[in-house]
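*Asks:* First the structure, which I've put down as structure tokens, then a few questions once you've had a look.
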Amino acid sequence: MVYKFTKNPEKRTLPRMEAMAKWMKKNLFSTKGNTVLSLFLIAGLIKIFTPIFTWLFIDATWIGDAAACREGSGACLAFINEKFTYIIFGPYPREEIWRPALTMVLMFALLWWSKEPSRWSKKLVKWWAGFVVLGWILMSGGLGLAPVKSTSWGGLPLTLVLSFVGIFISYPFGIALALGRRSQMPFIKSMCVIYIELIRGVPMISLLFMSSVMFPLFLPEGVSIDKLLRAQVAIIMFISAYMAEVVRGGLAAIPKGQYEAADALGLNYFQTMRFIILPQALKIVIPPSVNTAIGMLKDTSLVIIIALFDLLSTTKASLKDPEWLGFSVEGYLFAAFIYFILCFSMGKYARRLEVEFHRGHKNREVNI
Amino acid sequence: MSTNPIIEMKDMNKWFDDFHVLKNINFQVNNGEKIVICGPSGSGKSTLIRCINRLEVHQNGKIIVDGTELTNNLKHIEKIRAEVGMCFQHFNLFPHLSIVDNLALAPMWVRKESKKEASERAMHFLEKVKIADQALKYPGQLSGGQQQRVAIARALCMKPKIMLFDEPTSALDPEMVKEVLDVMVSLAEEGMTMLCVTHEMGFARQVADRVVFMDDGQIVEEAKPDEFFDNPQHERSKEFLSQILH
Ligand SMILES: Nc1ncnc2c1ncn2[C@@H]1O[C@H](COP(=O)(O)OP(=O)(O)OP(=O)(O)O)[C@@H](O)[C@H]1O
Ligand SMILES: [Mg+2]
């Protein structure tokens, strides 16, 4: 079997319209039954989406105040316009908003740079560490910047910090827990099993509650730990348990022969894991771990219950503005749109990684 | 010659839970000797040679490899594993590494060689097994026979004193068996100590100093290949040979 990654040259030379016609013929109208079904579905889609489209774009009120919106029959995009800064940045002081904005721009730039696996190196880890320090200073103040308490952080930066930091830090923890769970040493093994099962047995909300209500009770008087930090720790603890199970699935998929070959060559446990088992196992679990990551990104919206202002909380709060009552559909659609963009790009990136990692031994199944 | 055993098993026993898989094995291999182990399926051949590099743990008796006794001492296990190479029925190459990386990995990390040194030796052994031109491919892109030759080269890169083979040709298409056996024959001619579980009688007759016949966890008969194949002494050996000859 030969896989071709280069595009079929025939396809490329075909004029666009002709190619489209060909595609439609093949995929939509191949038989009489399919043709009927396709037409039926297309009609249905048009029926559903035309009014939505009209409401959202054509009839929408783009600028103006709440009164103008109430007169119009479409969506009130002016509301988004008005509340944009608050939804995205939450209660962060208005005059300092360039700081979280810059932090986010830097983060997206760094993410973009990191997306090529060929750039994954120790240096990149240092860049990220540098970014975390810089981002922390930018957000919370210091070095001549006015201090801003983490309780007034909010919106998108908060969601991104909680989820990305959570996902990145919990990944190595998850790997360690998964390895521990498969360990031969009974003590380590049972500790890992207990941890994973305990955490997976409770909802994230209860962990967040514990972090904000119970945890301070255990601290000596006068010592207090930042609420955001506590929430972050709770989230990391939570995601780690799930990541551990995801990674365990990948480890279980590696044939015994791989361990034996590594043993026979004299590689020790850590070398075997690092060079033989984990590279293969982690590759297998790209799709499920991205799934988990996407779930967790959305789950961070639960921090609303301990009064942290993540993206969803800021959206909710802006809906309560007495001047702008009644535009919750627009508000929630906007929040959903942002979540969608984030999750969709994560999913798409994961698919790309999968293809890339698969290229090396794409014919594996053929010969073994 | 018997004064210089490189592998020595004394009253060795092994159980899988309650199943007594190796029973009172007393067995010696001299330096440079080539041993072929045969016997019916389930008789414990694989288990026996896997005890030598401790892929399986024996419960009592002694196994001494090149002067080092196999115990739970990790240092000893590591030392022995670095000296004993092994080839498996299903090759067990690392599918995510290129051929040359498959070969260079262990020398770099176990023997702490530089990447350059390890890759150069990898290329040397790939040439020896006649697939240097495939060095940058991945295992999945090679035929079974080529993969097994890579596996042999990978073991050789660790400069082992002993090579273990567990049915190296039985997962191969018939037309590929010869290319692997040729490599093994040339290895034997260079004086490598070899233990080989195989039913390739031609190979056994050509290179083996001794054939060991196992049945039901015991070594039933040991003899020179010609004696064993032409004139087996034990009932069970006769039965086994009559089966594989048809
Ligand atoms: N990990 C294990 N746990 C329990 N029993 C095992 C295990 N490995 C092997 N056995 C059993 O031990 C016996 C000997 O196995 P072994 O693989 O050594 O046989 P073999 O002579 O190599 O057979 P074959 O020619 O089929 O490879 C068999 O009955 C097998 O079922
Ligand atoms: Mg076997």
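*Asks:* Expressed as a whole percent, how much of the Cα-Cα distance distribution for region A:92-190 exceeds 15 Å? Provide the component values of the computation, followed by the final result.
*Replies:* Numbers: 3374 of 4851 pairs.
Cα-Cα pairs in region A:92-190 separated by more than 15 Å: 70 percent.
*Asks:* While we're looking at this one, here's another question. Once you put a point 7 Å from the Cα of A:Leu124 and another 7 Å from the Cα of A:Trp112, both along the Cβ direction, what distance in nm separates them?
*Replies:* It is 1.6 nm.
*Asks:* Partner chain Cβ atoms within 10 Å, averaged over the residues of A:201-211 - can you pull that number for me?
*Replies:* Numbers: counts 0, 0, 0, 0, 0, 0, 0, 0, 0, 0, 0.
Partner-chain Cβ atoms within 10 Å, mean over residues of A:201-211: 0.
*Asks:* Give the distance, in whole Å, between the Cα centre of region B:139-193 and the Cα centre of region A:171-205.
*Replies:* 41 Å
*Asks:* So if R0 is 60 Å, what FRET efficiency would A:Arg352 and B:Gln233 give, r being the distance between their Cβ atoms, rounded to the nearest 0.05? Before the final figure, lay out the partial values.
*Replies:* Values: r = 65 Å, r/R0 = 1.09.
The calculated FRET efficiency here is 0.35.
*Asks:* Another question, then. Using a Gaussian network model on chain A with a 10 Å cutoff between Cα atoms, which of A:Gly347, A:Gly249, A:Gly142 fluctuates the most?
*Replies:* Largest GNM mean-square fluctuation: A:Gly142.
*Asks:* Here's another thing I want to ask about it. Determine, from the Cβ-Cβ distance of B:Ser242 and B:Glu78 and an R0 of 51 Å, the FRET efficiency 1/(1 + (r/R0)^6), rounded to the nearest 0.05. Display every interim value, and only then the final one.
*Replies:* Details: r = 44 Å, r/R0 = 0.86.
Efficiency at R0 = 51 Å is approximately 0.70.
*Asks:* How big is the accessible area of B:Val21 in square angstrom, nearest 10, if you roll a 1.4 angstrom probe over the protein chains?
*Replies:* 10 Å²
*Asks:* Still on this structure: Given the DSSP H assignment, sum -39500 (n - 2.57) over each helix run of at least 4 residues in the protein assembly as shown and divide by its residue total; what's the result at 222 nm in deg cm²/dmol, nearest 500? Each step should come with its number before you reach the end.
*Replies:* On the way: 28 runs with 336 residues, N = 614.
So the helix-based figure for the protein assembly as shown works out to -17000 deg cm²/dmol.
*Asks:* Let me ask something else about it. Over the Cα atoms of the protein assembly as shown, what is the Rg over Rh ratio if Rh follows Kirkwood? If you can, show how the numbers build up before the last one.
*Replies:* On the way: Rg = 33.0 Å, Rh = 29.8 Å.
Here the Rg-to-Rh quotient is 1.11.
*Asks:* Determine the dipole magnitude for chain B: charges of +1 sit on the beta-carbon of Lys and Arg, -1 on that of Asp and Glu, nothing else is charged, the reference point is the Cα centre, and the result goes in debye to the nearest 20.
*Replies:* Working: 29 positive and 35 negative charges, 192 e Å.
Around 920 debye, computed over chain B.
*Asks:* Moving on. With viscosity set to 0.692 mPa s and temperature to 37 °C, compute the Stokes-Einstein D of chain B, Rh being the Kirkwood radius across alpha carbon pairs; µm²/s, no decimals. Don't skip to the answer; put the middle values down first.
*Replies:* Details: Rh = 18.6 Å.
D, rounded to a whole number, is 177 µm²/s.
*Asks:* When 1/r is averaged over all different Cα pairs and the result inverted, which Kirkwood radius in Å belongs to region A:138-232? Intermediate results must be reported in sequence, preceding the final value.
*Replies:* On the way: mean 1/r = 0.0625 Å⁻¹.
Hydrodynamic radius (Kirkwood, Cα only) of region A:138-232 equals 16.0 Å.
*Asks:* Ok, one more. Around B:Leu103, under 9 Å between beta carbons, what's the net of Lys plus Arg minus Asp minus Glu among the other residues?
*Replies:* Values: positive: B:Arg121, B:Arg154; negative: B:Asp101.
Net of charged neighbours comes to +1.
*Asks:* Once you average over the residues of B:78-85, how many Cβ atoms of partner chains fall within 10 Å of each Cβ? Each step should come with its number before you reach the end.
*Replies:* Details: counts 3, 1, 1, 7, 3, 1, 3, 3.
Mean shielding by partner chains, rounded to a whole number: 3.
*Asks:* Report Rg (one decimal) and Dmax (nearest whole number) for region B:1-139, counting Cα atoms only, units Å.
*Replies:* In Å, with Rg to one decimal and Dmax whole: 17.5, 49.
*Asks:* Also, quick follow-up: Between A:Ile63 and A:Met24, what FRET efficiency comes out of the Förster formula 1/(1 + (r/R0)^6) with R0 = 30 Å and r the beta carbon distance, rounded to 0.05?
*Replies:* Once the sixth-power term is evaluated, E becomes 0.15.
*Asks:* To the nearest whole percent, what portion of all C-alpha pairs in region A:201-281 is separated by more than 18 angstrom? Don't skip to the end; give the middle numbers.
*Replies:* On the way: 1900 of 3240 pairs.
Here the tail beyond 18 Å accounts for 59 percent of pairs.
*Asks:* How fast does chain A diffuse by Stokes-Einstein, in µm²/s, taking the Kirkwood radius from C-alpha pairs at 25 °C and 0.890 mPa s? Numbers along the way, then the final one.
*Replies:* Values: Rh = 24.6 Å.
In µm²/s, the coefficient is 100.
*Asks:* Let me ask something else. Calculate I(q)/I(0) for region A:179-325 by the Debye formula, one identical point scatterer on each C-alpha and no solvent, and give its log10 at q = 0.11, 0.13, 0.17 Å⁻¹ to two decimals.
*Replies:* Debye curve over Cα of region A:179-325, log10 I(q)/I(0) at q = 0.11, 0.13, 0.17 Å⁻¹: -0.60, -0.76, -1.03.
*Asks:* Note the full-extension length gain between B:Lys130 and B:Asn60 as 0.36 nm times their separation in residues minus their Cα-Cα distance, in nm to one decimal. Kindly include the intermediate steps, with their values, before the conclusion.
*Replies:* Working: separation 70, 0.36 × 70 = 25.20 nm, distance 4.24 nm.
Value of the extension gain: 21.0 nm.
*Asks:* 7 Å from Cα along Cα→Cβ at both A:Tyr332 and B:Glu175: what's the point-to-point distance in nm?
*Replies:* 6.6 nm
*Asks:* Over all residues in A:266-273, what is the mean tally of Cβ atoms on other chains that come within 10 Å of each residue's Cβ? It would help to have the intermediate numbers written out before the result.
*Replies:* Working: counts 17, 7, 6, 1, 1, 5, 1, 0.
Mean partner shielding for this stretch: 5.
*Asks:* Turning to a different aspect of this structure: Using amide H atoms built 1.01 Å from N in the peptide plane, name the residues 5+ places from A:Gly154, or on other chains, whose amide H lies under 5 Å from its own.
*Replies:* A:Tyr92
*Asks:* Sticking with the crude label model, points 7 Å out along Cα→Cβ, report the distance from A:Lys149 to A:Leu325 in nm, one decimal please.
*Replies:* Each label point lies 7 Å from its Cα, and together they span 3.0 nm.
*Asks:* Using the 4.7 Å Cβ rule, please list in number order the cysteines from chain A without any candidate partner.
*Replies:* Result for chain A is A:Cys192, A:Cys343, no neighbouring Cys Cβ within the cutoff.
*Asks:* If ligands, DNA and RNA are left out, what is the accessible area of A:Phe344 with a 1.4 Å probe, given in Å² to the nearest 10?
*Replies:* Surface accessible to solvent at A:Phe344 totals approximately 100 Å².
*Asks:* From a point 7 Å beyond the Cα of A:Val165 in the direction of its Cβ, which residues of region A:227-257 have a backbone N at a distance under 13 Å?
*Replies:* A:227-237
*Asks:* Now, a different point. Could you please tell me the mean projected area of the C-alpha convex hull for region A:12-55, averaged over all directions and given in square nanometres to one decimal?
*Replies:* For the Cα atoms of region A:12-55, the hull's average projected area reads 4.0 nm².
*Asks:* State the answer as a single residue: which of A:Thr31, A:Leu41, A:Pro51 lies farthest towards the positive end of the charge dipole of region A:12-55, with beta carbon charges of +1 for Lys and Arg and -1 for Asp and Glu, about the Cα centre.
*Replies:* Checking the options against the dipole of region A:12-55, the answer is A:Thr31.
The values are calculated or read from the model by the stated rules, or taken from the named source; none is laboratory data. Only a predicted model underlies this, so the values are computations on that prediction, with no experimental measurement involved. All Cβ positions, even for glycine, are placed from backbone atoms using ideal geometry, and neighbour counts span all protein chains on display. SASA here: full protein model, heavy atoms, side chains in, ligands and nucleic acids out. Shrake-Rupley method; radii C 1.70, N 1.55, O 1.52, S 1.80 Å.
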